[in-house]
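Notes for the one structure printed next.
The values are calculated or read from the model by the stated rules, or taken from the named source; none is laboratory data. Worth saying up front: this structure is predicted, and the values here are computed from it rather than measured. Here the Cβ positions follow ideal geometry from the backbone for every residue, glycine too, while neighbour counts run over all protein chains shown.
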Amino acid sequence: MDSNWFQLLAMVVSIISVVIGYVFTKKLEMSREKRKYKAELFLKYISISNRIDNNSKNTKYDIEYSTTVEKLCLYANEDVLTLIAQFHEKFDNKFMGTDEGKELYSEIIIAMRKDIGLKSKKINVEKMINILELNS
């Protein structure tokens, strides 16, 4: 009789282990997919934000930018959204050329990196500004 209990207990423990493993794997997979989707949205935001024109509304880029920002409102963390809100408050076509604009834009990118799980131990705002200025 004791061996039957032991076999039953072993089966129950095995089944519980499999279920827990499955749930954990699914959770990791969903997290990975969410980070991938956020990264794609962030790349789209960065790409489009360099092309929007504050003087003319309803251009193709403005509509695409608005759609991307709306999606970010659902997926990005509060730090990213707060920085984007600050960016919107101050944005005009000349803002990106100012030191304040470059700093805020760099902060947005660093916050986006953190949101998708990338470490930024050695990347600070000044380094990010230098990196971005090489591309302009």
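Of a type in the set (K, R), assigned to a helix (DSSP H, G or I) and touching a residue at least 12 places away in the same chain (Cβ under 8 Å), is that true of K127?
Details: of a type in the set (K, R): yes; assigned to a helix (DSSP H, G or I): yes; touching a residue at least 12 places away in the same chain (Cβ under 8 Å): no.
Spelling it out, it is not the case that K127 is of a type in the set (K, R), assigned to a helix (DSSP H, G or I) and touching a residue at least 12 places away in the same chain (Cβ under 8 Å).
Every condition in (1) among the charged types (D, E, K, R); (2) under 25 Å from S31 (Cα atoms); (3) free of Cβ contacts under 8 Å to residues at least 60 places away in the same chain is met by E89 except one, and the failing one is (2). For region 93-132, filtered to residues that are at pLDDT below 85 and more than 22 Å from L41 (Cα to Cα), the residue that is surrounded by the fewest Cβ atoms within 10 Å (Cβ to Cβ) is K121.
Can you name every one of the helices (runs of 4 or more DSSP H) wholly within region 1-112 that holds 2 or more residues which are of a type in the set (G, A, S)?
Details: elements: 2-49, 60-75, 78-90.
Hits in region 1-112: 2-49.
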